[in-house]
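Read through the structure below, which is laid out as structure tokens, and then see the notes.
The values are calculated or read from the model by the stated rules, or taken from the named source; none is laboratory data. Note that the structure is predicted; figures quoted are calculated from it, not measured. Using ideal geometry, Cβ is built from the backbone for each residue, glycine included, and neighbour counts are taken over all protein chains shown. For accessibility, only protein heavy atoms count, side chains too; no ligands or nucleic acids. Shrake-Rupley method; radii C 1.70, N 1.55, O 1.52, S 1.80 Å.
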Amino acid sequence: MSLKIPSGSFPLFNWEASVQSSLMRRFTVVDLYLWAFRIVVLAVVVWGTIGTIMARRYPGEVWIDFVVYGLSQGSIYALIALGYTMVYGILRMINFAHGEVFMSGAYTGYFVAAAFGRSGYLDRNPVVSLLVVLAVAMITSTAIALLLERVAYRPLRGSPRLVPLIAAIGASFFLQYAFRGFFGSGFQAYPETQVLKGTWAIAGINILRTQAVVIVAAVLMMLGLYAFVMRTKTGTAMRAVSEDREAAALMGIDVDRAIVIAFAVGASMAGAAGFLYALVFKQVHFFMGFIPGIKAFTAAVLGGIGNIPGAMLGGLFLGLFESVGPILFLDGLGIVAPYQLKDVIAFTMLVMVLIFRPSGIMGERLVVKKA
Amino acid sequence: MSRYRRPWIVAVQKGLLWGGVAVFLALVGMVETFAGRQLIVGVFSLGLALPVLTAVVAGYQGAAGQAGGAHGAPLVRGALAGAAVGAVVSALVVLGGLVNMRSMFVSASPAMFAALSFGRGTSGIPLVLLGAAAVGAVGAAASFLSAGVRRPLVTALSWTLGVGLFQELLQILLHAEGARSAVRELLFIEDGLSIRGATIVFALSWGSSTVWARRGGAVRQWHGRLSAPQQRVLRLGSLGGAVALLLLVPLAAGPFISQVLVLVGLFALLGLGLNIVVGFAGLLDLGYVAFFAIGAYTVGLLTSVGEYGIVGLSFWAAVPVAVAVSLVAGVLLGVPVLGIRGDYLAIATLGFGEIIRILVLSDFLRPWLGGSQGVLGIPKPMIGGFEFRGPEQLFYLTLASCALVIFVAMRLRDSRLGRAWMAVREDEDVAEAMGINLVNVKLMAFAMGAAFGGLSGAIFAVMLGSVFPHSFQLLISINVLSLIIVGGMGSMPGVIVGSLFLVGLPELLREFAEYRFLIYGAALVLMMQLRPEGLWPAEAVKRELHASEEAGAASGLRGGV
């Protein structure tokens, strides 16, 4: 930096003095700090992994369980992450309330599932009833997201960038507490489906049936979405809008429609994710969308925000990390109850990706661009 | 504008829309919860005020649009809109009679339906429709009355409802012998404003408002004619008066109101700190609660006489340490995120905040921080023989800290550093090109904000006498962010106004506390759309946020708000 810094600036930190030596001209204290940060995290990971492996406290099957659990968790994150990534790709805006869109699908699905469970239909005809629950969850999520877009976000297009983000934060809390007011603050237990109890042996590995269903369903849906975005005319229009909104409009693409469809498709994926989440965890709560929402955002950033295959990959990756990480990295360090810290691993990943590689695994560098 | 629609269709549409809002308010539980608070005893409750308000707004909006002509047509349209609200509400009542909604909606109780139908169930529907139409017509009337008539009426109504709303507070204040007691007996019965009291308040405020509308200009002229030094004296005098009043509050108001004011003060402190980061420097920090926690835990660990106390310092020795630790933490957490901008920064700071909370809560750090049980046994601060025992005494501590922080923040804002912050807020690249050292400037913002947050946390720790990780959830950050936004980003009076509204109000009216975050969420969304500069905006922010609008209005793309 050759610009002269005004002499009367703040003498608390004197970077310039430390930067003058010719060898380290671009290497500032900030860089030093960031390198230290990287090295500490890396050291914890390596040391912890070695410690855990040396201790041999966990046999191979346990690790396979962790991996399968991570994959099922990760495919749920991936489904939610698609919504973040599509909206960000088009509007350059973090739909902070997307976690609540996910929650709303799971929550309304619960009422249908509970009604089926009471009447016994759920066990008599599990496939049909689960599909109905899935449809209800997807439709509710989509409706909520469209309402959100129309009421909260559309009037704010073209405002300074923090304005829609703050509105989205507001919308997120509004939705959470509206659900709390409607349906109460307690946990609601999803009914069990008899067919999905127990395990299936697939390729010699015993996999919990719910997890197998979740992984398969999520993969199918993601393939469908990918085909929709890449093969259909609407999908092409959406991609065009996310490339360059003005040029797309000049080419005769209805930008509003593309934005609405991005919200709708992302939300229906979130609704499906809500249903799958409820299958695995068997309960719903008004606050359940918040943490998965943030984590799915992490997944989207990890994969490169705006990039659809990236979101899927990021989700799976984050799920794996989160389920294997606490034991693999932390148990070896002798940390008590490492599983309590699984969110710390997820959030550390979030922060690290944002700091060191905001473009993610597959994305181009969007962050510096100003909308 | 774009398409012509028949006015009466618009009126019905508005009515249906606001009817939906009324149903939402009922199902979310607000109508029932608020029905317990009598605004005028036996006549009007806060629960009833909600649907009535929706009908008024529907009537007002339904009547607006077509100016000119006779007043009959808008009145009819307003009544129509009001009746539409009534119809939607009635539909809910009918539905509630047919199916058991309570298995789904916890608030769909008989009490709620009774509150909506004047206690008559489905047979009350004609009454609901008529009442809603009448209220809608009143709303319509408000749209064409001249300002000279309308303003005093609205003022008088708000005063009456305000006195009814805060009757508990006023009764505490008037709880004394002599003249004050006489006023109390004149206006209030048992637990609310009496009909006589309501009439008196309405008449008084209407009268004085009318007089002010006539004569207010003369007073303003008189003030304008004063010389500058005289105006200055007047301003200082009123400021001194306000300070003196504030100092007397705990003596007159007792522990409950003092406690509320201490909380308002703590959140104002947090708000002033976050205001530096968000309002001045434009860095949206969602992990701000971390510094509040760091301040609280530092004081807790340094002063506690319980299990986890380390040295048993006095509060006065621990506070500077807590502020310093928070400041350093602000720098340490600030350095990694220096390169992150805008919305990514918000998420990264949120991540940091959560990491700290989870670590504090975990069993891993339990031997040092006490895990979920927290740090107990924090002694109250003492000066000489004076112990800051309860809220009445802590009030002065909070007030003094607020005064100090306001002073520091004001000096910072007007300093070279403050101007650099604003430049960074407006445009980072341009600021850098103008020779502003982004690293220093951003870190100073994080550090100062963190220091104020730490101070607030320190007082919070002694107020509770203990620190728990559960006190430091993300919701605190959202709370503080909301009060800054509502008050006005970058505006210090705005922070005070925001914390009075968003912290003081829910504490005084416990019914609101239940719906606190619902209201915050709605407030954030609405503020962003209607008044992004906040209730008491800072000049620069107001200009910035309306610049694009003016440009848009000029080119005919978008009308003003």
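Whenever you get a sec, compute what percent of the accessible area on region A:289-331 sits on carbon and sulfur atoms (1.4 Å probe).
Using a 1.4 Å probe with all protein chains present, region A:289-331 comes out at 86 percent carbon and sulfur.
Report the relative contact order of region B:345-406, percent, no decimals, based on alpha-carbon pairs under 8 angstrom and at least 6 residues apart.
13 percent
When the dipole is taken about the Cα centre of chain A, and only Lys, Arg (+1) and Asp, Glu (-1) are charged at their Cβ, what size is it in debye, to the nearest 20?
In debye, rounded to 20, chain A gives about 400.
Give me the 1.4 Å probe accessible area per residue for region B:286-325, excluding ligands and nucleic acids, in Å².
In whole numbers, region B:286-325 has 35 Å² accessible per residue.
Once the mean 1/r over all distinct Cα pairs of the protein assembly as shown is inverted, what Kirkwood radius in angstroms do you read off?
30.5 Å
Residue separation times 0.36 nm, minus the C-alpha to C-alpha distance between A:Val29 and A:Ala247: what's the value?
74.2 nm
Per residue of B:104-111, how many C-beta atoms from partner chains lie within 10 Å of its own C-beta, taken as a mean?
What the average comes to for B:104-111 is 3.
What's the total accessible area buried between chains B and A, using a 1.4 Å probe, rounded to the nearest 100 Å²?
Using a 1.4 Å probe, the pair buries roughly 5800 Å².
Rank these residues by their accessible area, most exposed first, probe 1.4 Å: A:Leu220, B:Leu438, B:Leu481.
Reading off the accessible areas and sorting them downward yields A:Leu220, B:Leu438, B:Leu481.
If I ignore ligands, DNA and RNA and count only protein heavy atoms, how much of A:Arg150 is accessible to a 1.4 Å probe, in Å² to the nearest 10?
Taking all protein chains as shown, A:Arg150 has close to 130 Å².
Between the alpha-carbon centers of region B:1-51 and region B:357-405, tell me the distance in whole angstrom.
Region B:1-51 and region B:357-405 have Cα centres spaced 43 Å from each other.
Counting only other chains, and only Cβ atoms inside 10 Å, what mean value do you get across the residues of A:346-354?
Other-chain Cβ atoms within 10 Å of each residue's Cβ, averaged: 6.
Hey, what did chain A get for relative contact order, percent, Cα under 8 Å, at least 6 apart?
Dividing the mean separation by the residue count of chain A yields 32 percent.
For peptide A:152-158, how many partner chain Cβ atoms fall within 10 Å of a residue's Cβ, on average?
Shielding by partners across A:152-158 averages 4.
On the accessible surface of region B:69-156, probed at 1.4 Å, how many percent belong to carbon and sulfur atoms?
74 percent
Please list A:Glu322, B:Glu168 in order of solvent-accessible area, largest first, computed with a 1.4 Å probe with all protein chains present.
The ordering from most to least exposed comes out as B:Glu168, A:Glu322.
Within 14 Å, Cβ to Cβ, of B:Leu350, how many net charges do the neighbouring residues add up to if Lys/Arg are +1 and Asp/Glu are -1?
Residues near B:Leu350 contribute -2 overall.
Hey, can you rank B:273-280, B:441-448, B:304-311 by average C-beta count inside 10 Å, highest first?
Taking the mean over residues of other Cβ atoms within 10 Å, the ranking is B:273-280, B:441-448, B:304-311.
Compute the FRET efficiency between A:Leu220 and B:Val211 as 1/(1 + (r/R0)^6), taking r as their Cβ-Cβ distance and R0 = 51 Å, and round to the nearest 0.05.
After rounding, the FRET efficiency stands at 0.10.
Sequence gap at least 6, Cα distance under 8 Å: using those rules, report the relative contact order of region A:220-324 to the nearest whole percent.
Relative contact order here is 15 percent.
Name the residue from B:Ser314, A:Phe228, A:Leu330 whose Cα lies farthest towards the positive end of the charge dipole of the protein assembly as shown, charges +1 on Cβ of Lys and Arg and -1 on Cβ of Asp and Glu.
So the residue furthest toward the plus end is A:Phe228.
In the full protein assembly as shown, how much of B:Trp206 is accessible to a 1.4 Å probe, in Å² to the nearest 10?
120 Å²
Please state the shape class of region A:22-139: rounded when a/c is under 1.5, otherwise prolate if a/b exceeds b/c and oblate if not, all from the C-alpha gyration tensor.
It is oblate, given that a/c is not under 1.5 and a/b is not larger than b/c.
Taking Cα centroids, how far is region B:466-518 from region A:90-146 in Å?
33 Å
So how do A:Met362, A:Met93 rank on accessible area, 1.4 Å probe, biggest first, that is with the largest at the start?
Order by accessible area, largest first: A:Met362, A:Met93.
May I ask you to give the percent of accessible area on region A:14-171 that is carbon plus sulfur, with a probe radius of 1.4 Å?
Within region A:14-171, the accessible surface is 70 percent carbon and sulfur.
If we sort A:232-240, A:250-258 on the protection proxy, mean other Cβ atoms within 10 Å, highest first, what's the order?
Descending packing order for the listed peptides: A:232-240, A:250-258.
Averaged per residue, what accessible area in Å² does region B:372-486 show with a 1.4 Å probe, protein chains only?
Ligands and nucleic acids excluded, the result is 36 Å² per residue.
Can you compute the charge dipole magnitude of the protein assembly as shown about its Cα centre, using +1 on each Lys and Arg Cβ and -1 on each Asp and Glu Cβ, nothing else charged? Give it in debye, rounded to the nearest 20.
1740 debye
Note down the Stokes-Einstein diffusion coefficient of chain A in µm²/s, whole number, using a Kirkwood radius over alpha carbon pairs, 4 °C, and 1.567 mPa s.
Here the translational diffusion coefficient equals 58 µm²/s.
Grab the beta carbon distance between B:Gln231 and B:Val43, set R0 = 41 Å, and tell me the FRET efficiency rounded to 0.05.
Efficiency for this residue pair is about 0.35.
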